[in-house]
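**Student:** Pasting a structure below so you can have a look.
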Amino acid sequence: MPIHPHRSSNLLSIPDATSPASRHKRLAVLLDPDHLTVARCQEILALSHKHGVDFFFMGGSLISNPDQTSFVSFIKQHSSIPVILFPSSGLYIDAKADGLLLLSLISGRNPDFLIGQHVAAAPLLKSSGLPLYSTGYMLIDSGRQTTASYMSGTTPIPHDKPSIAACTALAGEMLGLQNIYMDGGSGAMYPISPAMIQAVRQAVDVPVIVGGGVNTAEKAEAAWKAGADVLVVGNHIEKSPQFIAEVSEVKHRFNVALPQTQEA
(Lines give C-alpha, C1' and ligand atoms only; values in the text may rest on other atoms or scores of the structure.)
Protein backbone atom coordinates (compact mmCIF):
# COMPACT_ATOMS: atom_id res chain seq x y z
CA MET A 1 0.00 0.00 0.00
CA PRO A 2 1.64 3.28 -1.05
CA ILE A 3 2.25 5.79 1.69
CA HIS A 4 2.09 9.52 0.98
CA PRO A 5 5.22 11.30 2.23
CA HIS A 6 4.69 13.09 5.56
CA ARG A 7 1.38 11.28 6.12
CA SER A 8 1.45 9.08 9.20
CA SER A 9 0.47 5.44 8.88
CA ASN A 10 0.70 2.27 10.89
CA LEU A 11 3.84 0.31 10.16
CA LEU A 12 1.97 -2.71 8.80
CA SER A 13 -0.24 -0.64 6.45
CA ILE A 14 -3.28 -2.59 7.61
CA PRO A 15 -6.91 -1.45 7.66
CA ASP A 16 -8.24 -0.32 11.03
CA ALA A 17 -10.88 -3.05 10.95
CA THR A 18 -8.33 -5.87 10.76
CA SER A 19 -8.57 -7.98 13.91
CA PRO A 20 -5.27 -8.20 15.84
CA ALA A 21 -5.77 -11.95 16.13
CA SER A 22 -5.73 -12.31 12.32
CA ARG A 23 -2.57 -10.33 11.66
CA HIS A 24 0.57 -12.06 10.51
CA LYS A 25 3.51 -11.72 12.87
CA ARG A 26 6.47 -9.62 11.73
CA LEU A 27 10.14 -9.64 12.70
CA ALA A 28 12.41 -6.59 12.76
CA VAL A 29 16.16 -6.69 13.22
CA LEU A 30 17.52 -3.61 14.99
CA LEU A 31 20.87 -2.48 13.63
CA ASP A 32 22.89 -0.08 15.79
CA PRO A 33 25.58 1.69 13.70
CA ASP A 34 27.80 1.91 16.79
CA HIS A 35 27.98 -1.89 16.96
CA LEU A 36 28.06 -2.69 13.26
CA THR A 37 30.88 -3.59 10.89
CA VAL A 38 30.58 -4.20 7.17
CA ALA A 39 31.39 -7.89 7.64
CA ARG A 40 28.79 -8.35 10.38
CA CYS A 41 26.26 -6.35 8.36
CA GLN A 42 26.79 -8.67 5.37
CA GLU A 43 26.28 -11.72 7.59
CA ILE A 44 23.08 -10.31 9.07
CA LEU A 45 21.76 -9.35 5.62
CA ALA A 46 22.34 -12.86 4.28
CA LEU A 47 20.62 -14.52 7.23
CA SER A 48 17.75 -12.01 7.15
CA HIS A 49 17.04 -12.71 3.50
CA LYS A 50 17.29 -16.46 3.98
CA HIS A 51 14.88 -16.50 6.90
CA GLY A 52 12.34 -13.87 5.92
CA VAL A 53 13.04 -10.88 8.18
CA ASP A 54 10.41 -8.19 7.52
CA PHE A 55 12.17 -4.96 8.54
CA PHE A 56 15.51 -3.52 9.47
CA PHE A 57 15.27 -0.83 12.15
CA MET A 58 18.33 1.42 11.97
CA GLY A 59 19.38 3.49 14.97
CA GLY A 60 19.89 3.54 18.70
CA SER A 61 19.50 5.67 21.79
CA LEU A 62 22.96 7.21 21.41
CA ILE A 63 24.74 7.20 18.03
CA SER A 64 28.42 8.17 18.11
CA ASN A 65 29.31 6.53 14.78
CA PRO A 66 28.87 9.02 11.92
CA ASP A 67 28.53 6.17 9.41
CA GLN A 68 24.77 5.55 9.79
CA THR A 69 24.18 7.03 6.34
CA SER A 70 26.75 4.76 4.73
CA PHE A 71 25.19 1.70 6.39
CA VAL A 72 21.71 2.68 5.15
CA SER A 73 23.12 3.02 1.62
CA PHE A 74 24.95 -0.30 1.92
CA ILE A 75 21.80 -2.13 3.04
CA LYS A 76 19.71 -0.55 0.28
CA GLN A 77 22.27 -1.67 -2.31
CA HIS A 78 22.32 -5.26 -1.09
CA SER A 79 18.83 -5.89 0.26
CA SER A 80 15.16 -5.46 -0.57
CA ILE A 81 14.11 -5.57 3.09
CA PRO A 82 12.70 -2.17 4.15
CA VAL A 83 15.00 0.00 6.24
CA ILE A 84 13.06 1.96 8.87
CA LEU A 85 14.90 4.65 10.83
CA PHE A 86 14.69 4.37 14.62
CA PRO A 87 16.03 7.82 15.50
CA SER A 88 17.30 9.04 18.85
CA SER A 89 16.99 12.65 17.68
CA GLY A 90 16.31 14.80 14.64
CA LEU A 91 19.99 14.51 13.68
CA TYR A 92 19.45 11.05 12.22
CA ILE A 93 17.27 11.55 9.18
CA ASP A 94 18.31 9.80 5.98
CA ALA A 95 16.14 10.13 2.89
CA LYS A 96 17.58 6.91 1.48
CA ALA A 97 15.67 4.88 4.06
CA ASP A 98 12.19 3.46 3.47
CA GLY A 99 10.53 5.21 6.41
CA LEU A 100 10.97 6.62 9.88
CA LEU A 101 9.44 5.80 13.24
CA LEU A 102 8.29 9.20 14.48
CA LEU A 103 8.64 8.39 18.16
CA SER A 104 6.83 10.24 20.92
CA LEU A 105 8.02 9.05 24.34
CA ILE A 106 4.61 8.74 25.96
CA SER A 107 5.84 6.73 28.96
CA GLY A 108 7.82 9.74 30.22
CA ARG A 109 7.15 13.36 31.01
CA ASN A 110 10.06 14.96 29.19
CA PRO A 111 8.53 17.48 26.75
CA ASP A 112 11.60 17.37 24.53
CA PHE A 113 10.92 13.74 23.64
CA LEU A 114 7.16 14.15 23.56
CA ILE A 115 7.10 17.00 21.02
CA GLY A 116 10.15 19.27 21.29
CA GLN A 117 12.51 17.36 19.00
CA HIS A 118 9.67 16.77 16.56
CA VAL A 119 9.16 20.53 16.15
CA ALA A 120 12.84 21.03 15.37
CA ALA A 121 12.93 18.10 12.95
CA ALA A 122 9.63 18.79 11.15
CA PRO A 123 11.08 20.85 8.25
CA LEU A 124 13.79 18.25 7.67
CA LEU A 125 11.27 15.43 7.76
CA LYS A 126 9.05 17.21 5.27
CA SER A 127 11.88 17.84 2.84
CA SER A 128 13.13 14.25 3.18
CA GLY A 129 9.94 12.80 1.70
CA LEU A 130 10.21 9.85 4.08
CA PRO A 131 7.05 7.93 4.99
CA LEU A 132 6.43 8.59 8.68
CA TYR A 133 5.06 6.14 11.21
CA SER A 134 3.79 8.04 14.26
CA THR A 135 4.59 5.83 17.21
CA GLY A 136 3.86 5.97 20.91
CA TYR A 137 7.18 4.90 22.42
CA MET A 138 6.99 3.31 25.86
CA LEU A 139 10.06 2.46 27.90
CA ILE A 140 9.47 -0.51 30.20
CA ASP A 141 11.66 -1.35 33.19
CA SER A 142 13.94 -4.26 32.29
CA GLY A 143 15.99 -4.64 35.47
CA ARG A 144 18.63 -2.01 34.78
CA GLN A 145 18.87 1.57 33.60
CA THR A 146 19.16 1.63 29.83
CA THR A 147 20.73 4.21 27.54
CA ALA A 148 17.25 5.23 26.39
CA SER A 149 15.99 6.01 29.89
CA TYR A 150 19.22 7.79 30.85
CA MET A 151 19.39 9.93 27.71
CA SER A 152 15.70 10.85 27.88
CA GLY A 153 15.78 11.57 31.62
CA THR A 154 12.60 9.57 32.14
CA THR A 155 11.46 6.75 34.40
CA PRO A 156 10.34 3.58 32.62
CA ILE A 157 6.95 2.05 33.31
CA PRO A 158 7.36 -0.51 36.14
CA HIS A 159 7.74 -4.07 34.87
CA ASP A 160 4.85 -5.34 37.01
CA LYS A 161 2.31 -2.60 36.19
CA PRO A 162 0.49 -3.77 33.03
CA SER A 163 -2.48 -1.50 33.76
CA ILE A 164 -0.25 1.61 33.54
CA ALA A 165 1.14 0.40 30.23
CA ALA A 166 -2.34 -0.33 28.88
CA CYS A 167 -3.69 3.10 29.84
CA THR A 168 -0.62 4.82 28.43
CA ALA A 169 -0.96 2.98 25.13
CA LEU A 170 -4.69 3.71 24.98
CA ALA A 171 -4.05 7.42 25.54
CA GLY A 172 -1.50 7.36 22.73
CA GLU A 173 -3.98 5.72 20.38
CA MET A 174 -6.64 8.26 21.34
CA LEU A 175 -4.19 11.05 20.50
CA GLY A 176 -3.86 9.60 17.02
CA LEU A 177 -0.60 7.69 17.24
CA GLN A 178 -0.65 4.86 14.71
CA ASN A 179 1.70 2.39 16.41
CA ILE A 180 2.68 1.48 19.96
CA TYR A 181 6.30 0.46 20.63
CA MET A 182 7.07 -1.13 24.01
CA ASP A 183 10.81 -1.29 24.60
CA GLY A 184 12.83 -2.80 27.39
CA GLY A 185 15.95 -1.21 25.93
CA SER A 186 19.26 -2.50 24.66
CA GLY A 187 20.82 -5.09 26.94
CA ALA A 188 17.63 -5.60 28.95
CA MET A 189 18.02 -8.11 31.79
CA TYR A 190 14.58 -9.55 31.09
CA PRO A 191 11.92 -9.06 28.42
CA ILE A 192 8.61 -7.27 28.74
CA SER A 193 6.18 -9.61 30.48
CA PRO A 194 3.49 -11.43 28.50
CA ALA A 195 0.93 -10.00 30.95
CA MET A 196 1.91 -6.45 30.02
CA ILE A 197 1.95 -7.18 26.28
CA GLN A 198 -1.47 -8.80 26.55
CA ALA A 199 -2.88 -5.84 28.50
CA VAL A 200 -1.69 -3.39 25.85
CA ARG A 201 -2.90 -5.63 23.05
CA GLN A 202 -6.38 -5.72 24.58
CA ALA A 203 -6.39 -1.94 25.07
CA VAL A 204 -5.51 -0.81 21.53
CA ASP A 205 -6.21 -1.76 17.92
CA VAL A 206 -3.07 -0.25 16.36
CA PRO A 207 -0.01 -2.44 15.75
CA VAL A 208 1.99 -3.31 18.85
CA ILE A 209 5.78 -3.43 18.50
CA VAL A 210 7.81 -5.13 21.26
CA GLY A 211 11.56 -5.16 21.81
CA GLY A 212 14.20 -5.65 24.45
CA GLY A 213 15.47 -8.73 26.24
CA VAL A 214 14.35 -11.28 23.64
CA ASN A 215 17.30 -13.67 23.45
CA THR A 216 15.64 -17.09 23.20
CA ALA A 217 13.04 -18.65 20.94
CA GLU A 218 10.86 -19.24 23.99
CA LYS A 219 10.81 -15.53 24.85
CA ALA A 220 9.97 -14.65 21.26
CA GLU A 221 7.09 -17.13 21.25
CA ALA A 222 5.76 -15.72 24.53
CA ALA A 223 5.79 -12.15 23.19
CA TRP A 224 4.01 -13.05 19.94
CA LYS A 225 1.52 -15.26 21.75
CA ALA A 226 0.69 -12.41 24.14
CA GLY A 227 -0.19 -10.16 21.20
CA ALA A 228 2.89 -8.48 19.74
CA ASP A 229 2.51 -7.74 16.03
CA VAL A 230 6.16 -6.90 15.43
CA LEU A 231 9.02 -8.33 17.48
CA VAL A 232 12.31 -6.42 17.50
CA VAL A 233 15.58 -8.23 18.15
CA GLY A 234 18.93 -6.52 18.13
CA ASN A 235 21.43 -6.84 20.96
CA HIS A 236 21.47 -10.64 20.95
CA ILE A 237 21.82 -10.78 17.16
CA GLU A 238 24.90 -8.58 17.37
CA LYS A 239 26.49 -11.40 19.41
CA SER A 240 24.79 -14.38 17.78
CA PRO A 241 23.52 -13.67 14.24
CA GLN A 242 22.27 -17.25 13.89
CA PHE A 243 19.50 -16.34 16.34
CA ILE A 244 17.72 -14.90 13.28
CA ALA A 245 17.04 -18.45 12.11
CA GLU A 246 15.62 -19.51 15.48
CA VAL A 247 13.27 -16.57 15.95
CA SER A 248 12.17 -16.70 12.30
CA GLU A 249 11.09 -20.29 12.74
CA VAL A 250 8.89 -19.23 15.65
CA LYS A 251 7.33 -16.51 13.48
CA HIS A 252 6.71 -19.01 10.71
CA ARG A 253 4.83 -21.36 13.05
CA PHE A 254 2.49 -18.54 14.08
CA ASN A 255 1.83 -17.41 10.54
CA VAL A 256 1.16 -20.81 8.95
CA ALA A 257 -1.54 -21.35 11.57
CA LEU A 258 -3.51 -18.36 10.23
CA PRO A 259 -6.12 -18.84 7.49
CA GLN A 260 -4.58 -18.04 4.13
CA THR A 261 -7.32 -15.52 3.38
CA GLN A 262 -6.30 -13.30 6.28
CA GLU A 263 -4.07 -10.23 6.16
CA ALA A 264 -0.57 -11.09 5.01
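The values are calculated or read from the model by the stated rules, or taken from the named source; none is laboratory data. Nothing here was measured: the structure is a model prediction, and the numbers come from that model. Ideal geometry is used to build each Cβ from the backbone, glycine not excepted, and the neighbour counts take in all protein chains shown. Calculation scope for accessible area: heavy atoms of the full protein, side chains included, ligands and nucleic acids excluded. Shrake-Rupley method; radii C 1.70, N 1.55, O 1.52, S 1.80 Å.
**Student:** For the chain, what does the relative contact order come out to in percent, with C-alpha contacts under 8 Å and a separation of six or more?
**Tutor:** Over the chain, the number comes to 23 percent.
**Student:** Treating only the Cβ of Lys, Arg, Asp and Glu as charged (+1, +1, -1, -1), what charge dipole size does the chain show about its Cα centre? Round to the nearest 20 debye.
**Tutor:** Taking the Cα centre of the chain as origin, the dipole is about 160 debye.
**Student:** Still on this structure, I have one more. What whole-number value in Å² describes the accessible area per residue of the range 175-264 for a 1.4 Å probe?
**Tutor:** Solvent-accessible surface per residue comes out at 41 Å².
**Student:** Please give the FRET efficiency for His252 paired with Ala39, using the beta carbon to beta carbon distance and R0 = 25 Å, rounded to the nearest 0.05.
**Tutor:** 0.35
**Student:** Over the range 90-211, what is the relative contact order in whole percent, taking alpha-carbon pairs under 8 Å and six or more residues apart?
**Tutor:** 26
**Student:** Kindly report, to the nearest 10 Å², the accessible surface of His236 as traced by a 1.4 Å probe over protein heavy atoms only.
**Tutor:** Approximately 50 Å² for this residue.
**Student:** For the cross-link pairs Lys219/Lys251; Lys219/Lys239; Lys161/Lys225; Lys161/Lys239; Lys96/Lys239; Lys25/Lys239, which exceed 21 Å when the distance is taken from alpha carbon to alpha carbon?
**Tutor:** Correct reply: Lys161/Lys239; Lys96/Lys239; Lys25/Lys239.
**Student:** What length, rounded to one decimal in nm, is gained on full extension from Met174 through to Tyr190, with 0.36 nm per residue of separation minus their alpha-carbon distance?
**Tutor:** Stretched fully, the Met174-Tyr190 segment lengthens by 2.8 nm.
**Student:** Treating each Cα of the range 126-210 as an identical point scatterer and ignoring solvent, apply the Debye formula and state log10 I(q)/I(0) at q = 0.22 Å⁻¹.
**Tutor:** -1.02
**Student:** Let me ask something else about it. Please give the calculated 222 nm ellipticity per residue for the chain, where each DSSP H segment of at least 4 residues contributes -39500 (n - 2.57) and the sum is spread over every residue; nearest 500 deg cm²/dmol?
**Tutor:** Per the formula, -11000 deg cm²/dmol.
**Student:** If I model a spin label at Ala245 and Ala120 as a point 7 Å from the Cα along the Cα→Cβ vector, what separation in nanometres do I get?
**Tutor:** For Ala245 paired with Ala120, the spin-label model returns 4.5 nm.
**Student:** By accessible area of protein heavy atoms, probe 1.4 Å, what ranking do Lys126, Lys25 get, highest first?
**Tutor:** Lys126, Lys25
**Student:** A further question on this structure: Can you find, among Gln198, Ala188, Ala220, the residue farthest towards the positive end of the dipole of the range 83-234? Put +1 on the C-beta of Lys and Arg, -1 on that of Asp and Glu.
**Tutor:** After comparing all options, I get Ala188.
**Student:** What length, rounded to one decimal in nm, is gained on full extension from Gln77 through to Ala46, with 0.36 nm per residue of separation minus their alpha-carbon distance?
**Tutor:** Difference between extended and current length: 9.9 nm.
**Student:** Then there's this: So, with a 1.4 angstrom probe, what is the percent of accessible area on the chain that is carbon and sulfur?
**Tutor:** Roughly 57 percent of what the probe reaches on the chain is carbon or sulfur.
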